[in-house]
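These notes concern the structure reproduced below.
The values are calculated or read from the model by the stated rules, or taken from the named source; none is laboratory data. None of these values were measured; they are calculated from a predicted model. When we count neighbours, we look across all protein chains shown, and the Cβ atoms used for this are built from the backbone with ideal geometry, even at glycine. All accessible areas refer to the heavy atoms of the entire protein, side chains included, with ligands and DNA or RNA removed. Shrake-Rupley method; radii C 1.70, N 1.55, O 1.52, S 1.80 Å.
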Amino acid sequence: MKFDTPATTNPIDRLRVIGQPLDRIDGPLKVTGTARYAYEQHDVAPGQAYGYVVGSAIAKGKIVSMDLAAARRAPGVLAVVTAENAGKLDKGKRNTAKLFGGPQIEHYHQAIALVVAETFEQARAAAQLVVVKYQEEKGAFDLAALKGAAPNAPSEEDSPTQSAVGDFAGAFASAPVKLDQSYTTPDQAHAMMEPHASIARWDGDKLTLWTSNQMIAWGVGDLAQTLGIAKENVRLVSPFIGGGFGGKLFLRADILLAALGARAAKRPVKVALQRPLMFNNTTHRPATIQRIRIGATPDGKITAIGHESWSGDLKDGQPELATQQTKLLYAGANRMTSLKLAVLDLPEGNAMRAPGEAPGLMALEIAMDEMAEKLKIDPVEFRIINDTQVDPEKPKVPFSQRQLAECLRQGAQRFGWDKRSATPGTLRDGKWLVGMGVASAFRGNLVMKSGARVTLGKDGIVTVFSDMTDIGPGSYTIMAQTAAEMMGLPIDKVKVELGDSSFPASAGSGGQWGANSATSGVYAACVKLREAVVQKLGFNSADAVFEDGAVKAGNRAVPLTQAAGDGEITAEDTIEFGDLDKTHSQATFGGHFVEVGVDAATGEVRLRRMLAVCAAGRILNPKSARSQVIGAMTMGAGAALMEHLVVDKRRGFFVNHDLAGYEVPVHADIPHQEVVFLDETDPMSSPMKAKGVGELGICGVGAAVANAIYNATGMRVRDYPITLDKLLDRLPALS
Amino acid sequence: MKSFTYERATTPTEAASGAARNPGARFIAGGTNLLDLMKLEIEVPRHLIDVNGLALDTIEPTPDGGLRIGALVRNTDLAADARVRRDYGLLSRALLAGASGQLRNKATTAGNLLQRTRCPYFYDTNQPCNKREPGSGCAAIGGYSRQLAIVGVSDACIATHPSDMAVAMRALDAKIETIKPDGATRSLPIAEFYRAPGDTPHLETTLTAGELITAVTLPKPVGGKQIYRKVRDRPSYAFALISVGAIIQPDGSGRVTVGGVAHKPWRIEAAEAQLPQGAKAVTDRLLATARTTEDNAFKLPLVERTLAAVLAEARA
């Protein structure tokens, strides 16, 4: 199905199942421990051996020698695989560094060997017997030191890294009120609970992998390319994923090494990346240095807005797109953005939940707060003044839906924003300095081609098949809701099978495109299934209604089951998107409101209340959508207050590479969270009229925390995370 | 993890003499730290002596009005003990500020005192670390040292002792009872238990080969307001950036011990004489020998400010 004209009324609009706050259909499996994650697929392949990964001890250089003899002799060892003995390997097009290093080392903890043994403990013990001699080379590890010389990041076709409209320099120079500030965000880790893990089994030249991956079709292609085998010979199965956040968009070492280990050991092999490897072996959100300039007239209208961002990556890597939102969020006739990219020898930077906007808004939304203060305009009002209904770089392109101002207004009202003191550092509650902060939330709405197959069985059950993944947001449930709505069935008459590359290729999970795109794929397949049913039952398709388990037209009603009486009916289709995302700017919007307390003695920041008001198209399932938003708000709070991969600039690695050293918020750190979804449908986005929401919640929330800290203390911290050491020297004197 | 042999000891003497007979042996109780370190091959004992069966898990009054806490009393049980809560509130509060419920259920009193540093370079076997591998150097000096020590440091090591409980024990003047392989017992003040890192940071305590902790004794209660204030980035669960354990008497005198700043709970009795002059005077004396890094210099004002807040709370 081609989606190239705005959606009109369709069966989804009935909202009998879609839009309902239904429980996750996979919930019981998860809470009873019966949802099988990659490493736990014990029964899919008999005789599974265990692989343990050896990571490079240096950041850059060469392996001079590897002595594997002791490891090979160790009890239970079946194989020791290295890049030298693994045979010819290519690199998948979505990986920057090789997944299997040696002799050249590109980053710390790059995988250099896999030890395969009968038991995990044997593999681990033997791995520690591998003796490696290195020749270390000097590397570049300090973004700030390289900033001055960093060139423009290379542009890709749809995403230029430099943009300019009007006369930014002139308008900024002549603006009556202006701000020119720099901000930094650190490297961050996905730190998902489930590490990357895979089980590989070879049957002749056919390779099956039970893995944990967000993008099945990408994974098949990149793995086939890396191994130099035909795509048709690779099958990925990834039914459940214990968190990804972008860290599992691409192949990582576990899947390649499991495949190589299984080939070497001539047995199925399972590999999970050890937790201490997770932070340097895999990808991370790159650190940024950002400069923001805003000029405005005294009435608060922005006349010039400029945003530059510096980040680093390995050679041939990518920039963090931290200026992305600044092109679209606020009005202003004169504008510029620029992305610079330094070459760093740190581990590979890549997407992490809301790449671009998450770190970009952490800077931009502090800048907006600072500017509002200079203008003596309430920060909520300042944002509303600069709202725009068209793409500010392309004024002929309107937003399909844009309720930013409404999000901010409603949020302010619900949060009690009028109780905020405009003068920072003036509200005290016992030992706590109390403040409120606001930030806009913005995240683009991407749409991706997505396929599904639906089958109406003799038992009246509709089953959805798709290689779509569920990394936690509730894909199973919303896809079931979609099929139920389309076929006029209750949700318990729908089954969903996901994450298998033998099913139709879907959008996959990433960039908050999954929910809208994948359910649209189910919609398209169900339209075809309805046609087949109607034909089978002899209805005139134009007036047939699917409801209450029956197909109805006029006085005639036939149970849906009857259509499959003499054999199941299958339909398959793929939703493909036309250019509605070019003719209309599609994005999701929100307002974040945060109240913090700062301990007047120690500078410890504790969250007190958080509210997000979101406008993100039709909300397919308010319960799972809320769960996505509060999770993202939590992640944003972590970014604001504690998350920081610390670079050892001498040795070139992230030092705090475990979950004791890399702190993320847990339940006890997060107070009351409230989420409000504005009533919205977006006919430009898809037949579902929905948009993504899984990333919107993290966008801006860090700045709202920072702004609340400023409001509480009068201290403006522009370097994340805002830890107490950055506040300590300016806290009130103690008696 | 390297292969090791294992035995279950049935008496303290048997455990101690077993350790003396097996160079490179370790006692194991809760295992909450040791097992992690063994998996990473930071600890590579050839022999483990399980002391969980030694019946050292009771808390009993001592003749002089104090408490004798068996080496195997779990952190959870110690924190919840009615006598501890009533008379040694500082200890209870410090324990509950540490680790998680699950860890406290396993972790023992002696094991807590003996836990190793959480310095990230100690945990990464690719990095030089004099504590892990004597003579290899210290990657933490000049590296990431935000969590690390500011007093008692040496050119060989700037690791901290991570325990919350030990801070309270030091303020309470606890004594550590041990038994040696020959059956001899001794009782040493906690002030004499930890060794300064010097050139030998791998030697962390004054215990001799095979010597086993059997109990920790607390002198009779000293009263006062007992406050434990742990400062950290993540309120739910994290090691202390710094912590202050204080016992403040109605007349303003008292005791102050600081955690997260040294290889041991840091207390200098002479600094406590400055209490009437306030937090700054105490801190100046307590941390007079501080040698900070760019990353951890904030601990100096943080100790002072935290102590000031604790003193204000004690007065309130």
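Report, to one decimal in Å, the Kirkwood hydrodynamic radius for the stretch A:600-735 based on all distinct Cα pairs.
By the Kirkwood definition, the hydrodynamic radius is 16.9 Å.
Using only Cα atoms, what is the ratio of the radius of gyration of the stretch A:183-278 to 2.2 N^0.38 Å?
Expressed relative to 2.2 N^0.38 Å, the Cα Rg reads 1.12.
For the stretch A:31-161, what is Rg from Cα atoms divided by 2.2 N^0.38 Å, rounded to two decimals?
Ratio of Rg to 2.2 N^0.38 Å for the stretch A:31-161: 1.37.
Rg/Rh for the stretch B:250-301 to two decimals, with Rh computed the Kirkwood way over all alpha-carbon pairs.
My calculation puts Rg/Rh at 0.99.
Show me the three semi-axes of the equivalent ellipsoid for the stretch A:589-662, from the C-alpha gyration tensor (sqrt of 5 times each eigenvalue), largest first, rounded to whole Å.
Value: 30, 19, 10 Å, ordered largest first.
Express the Stokes-Einstein translational diffusion coefficient of chain B in µm² s⁻¹, to the nearest whole number, given a Kirkwood radius over alpha-carbon pairs, 25 °C and a viscosity of 0.890 mPa s.
Rounded to a whole number, D works out at 124 µm²/s.
Distances longer than 12 Å among the Cα atoms of the stretch A:395-448: what percent of all pairs is that?
Considering the stretch A:395-448, 75 percent of its Cα-Cα pairs are separated by more than 12 Å.
Positive end of the dipole of the protein assembly as shown, charges at C-beta (+1 Lys, Arg; -1 Asp, Glu), about the Cα centre: which of A:F250, A:T161, A:A668 has its Cα farthest in that direction?
A:A668
Determine the equivalent ellipsoid of the stretch A:152-196 by diagonalising the alpha-carbon gyration tensor, then write out the semi-axes as square roots of 5 times the eigenvalues, largest first, rounded to whole Å.
Result for the stretch A:152-196: semi-axes of 35, 19, 8 Å.
Any idea what diffusion coefficient the stretch A:17-58 gets from Stokes-Einstein, in µm²/s, Kirkwood Rh on alpha carbon pairs, 10 °C, 1.306 mPa s?
112
Using the alpha carbons of the stretch B:1-150, what is the convex hull volume per residue in cubic angstrom, as a whole number?
Once divided by residue count, the hull of the stretch B:1-150 is 150 Å³.
How many Å³ per residue does the convex hull of the Cα positions in the stretch B:115-169 occupy?
About 88 Å³ per residue, rounded to a whole number.
Setting aside same-chain residues fewer than 8 positions from A:K536, which aspartates and glutamates have a Cα under 13 Å from its Cα?
List returned: A:D566, A:E568.
Restricting the calculation to Cα positions, tell me the Rg (one decimal) and the Dmax (whole number) of the stretch A:681-735 in Å.
18.7, 64
Quickly estimate the mean residue ellipticity at 222 nm for chain B, helices only: each DSSP H run with n ≥ 4 gives -39500 (n - 2.57), and the total goes over all residues, rounded to 500.
The helix-only estimate for chain B comes to -7500 deg cm²/dmol at 222 nm.
Contour minus end-to-end for A:R94 and A:A149, with contour as 0.36 nm per residue of separation and end-to-end as the Cα-Cα distance?
Length difference between fully extended and current span is 17.2 nm.
Quote the FRET efficiency, to the nearest 0.05, computed for A:K495 versus A:D719 with a Förster distance R0 of 41 Å and r equal to the Cβ-Cβ distance.
0.25
Along the positive direction of the dipole of chain A (beta-carbon charges: Lys, Arg +1; Asp, Glu -1; about the Cα centre), which of A:Y183, A:Q128, A:M635 reaches farthest?
A:Q128
Taking the convex hull of the Cα atoms, report for the protein assembly as shown its projected area averaged over all directions, in nm².
The orientation-averaged projected area of the Cα hull of the protein assembly as shown comes to 43.9 nm².
If you bin every alpha carbon distance in the stretch A:415-552 into 10 Å steps from zero, what whole percent lands in each bin?
11, 32, 20, 12, 11, 10, 4, 0
Over all directions, what mean area does the Cα convex hull of the stretch A:302-358 project, stated in square nanometres?
Dividing the Cα hull surface by four gives the mean projection, 4.0 nm².
Sequence gap at least 6, Cα distance under 8 Å: using those rules, report the relative contact order of chain A to the nearest whole percent.
Relative contact order comes out at 17 percent.
Given the stretch A:254-370 reduced to its alpha-carbon atoms as identical point scatterers, what log10 I(q)/I(0) does the Debye formula return at q = 0.16 Å⁻¹?
The computed values of log10 I(q)/I(0) come out as -0.79.
Mind pulling up the Rg/Rh value for the stretch B:25-67? Radius of gyration and Kirkwood radius, both on Cα.
Computed over Cα atoms, the ratio is 1.20.
Using only the alpha carbon atoms of the stretch B:79-135, find the Kirkwood hydrodynamic radius as the inverse mean reciprocal pair distance, in angstroms to one decimal.
Value: 13.6 Å, from the Cα pair sum.
Report the Stokes-Einstein translational diffusion coefficient (µm² s⁻¹, integer) for the stretch B:124-279, Rh taken as the Kirkwood radius over Cα pairs, at 37 °C with viscosity 0.692 mPa s.
192
Could you list, bin by bin from short to long, the percent of Cα-Cα pairs of the stretch B:197-252 in 10 Å steps?
It works out to 16, 22, 37, 24, 1, in whole percents.
Quick one: grab Rg to one decimal and Dmax as a whole number for the stretch A:532-637, Cα atoms only, in Å.
Looking at the stretch A:532-637, its Cα Rg and Dmax stand at 24.8, 78 Å.
Rounded to the nearest angstrom and ordered from largest down, what semi-axes does the equivalent ellipsoid of the stretch A:299-434 get from its C-alpha gyration tensor (root of 5λ)?
For the stretch A:299-434, the semi-axes come out at 30, 22, 14 Å.
Using the Cβ atoms and a cut-off under 10 Å, what net charge is assigned to the surroundings of A:A480, where Lys and Arg are +1 and Asp and Glu are -1?
Net local charge, A:A480 excluded: 0.
With runs of 4+ DSSP H residues as the only contributors, calculate the mean residue ellipticity of chain A at 222 nm using -39,500 (n - 2.57) per run, divided by the residue total and rounded to the nearest 500.
-7000 deg cm²/dmol
Over all pairs of distinct alpha carbons, what does the Kirkwood formula give as the hydrodynamic radius of the stretch A:498-557, in Å?
About 13.5 Å for the stretch A:498-557.
Over the stretch A:122-162, what number does the Rg to Rh ratio reach, with both radii from the alpha-carbon atoms and Rh per Kirkwood?
So for the stretch A:122-162, dividing Rg by the Kirkwood Rh gives 1.33.
Step by step: find N for the stretch B:210-316, compute 2.2 N^0.38 Å, then divide the Cα radius of gyration by it. What's the final number?
Scaled against compact globular proteins, the figure is 1.13.
If one takes the accessible area of chain B alone plus chain A alone and subtracts that of the pair, with a 1.4 Å probe, what total in Å², rounded to the nearest 100, results?
Chains B and A together bury approximately 3000 Å².
Can you tell me what the convex hull of the Cα atoms of the stretch A:134-227 projects to on average, as an area in nm²?
Answer in nm², one decimal: 12.9.
Over the alpha-carbon set of the stretch B:65-192, work out the extent along each principal axis and list the three values in angstrom, largest first.
On the principal axes, the stretch B:65-192 reaches 47, 37, 26 Å in Cα extent.
Counting just the Cα atoms, what span does the stretch A:46-105 cover along each of its three principal axes? Round to the nearest Å and put the largest first.
Answer, in whole Å and largest first: 35, 30, 19 Å.
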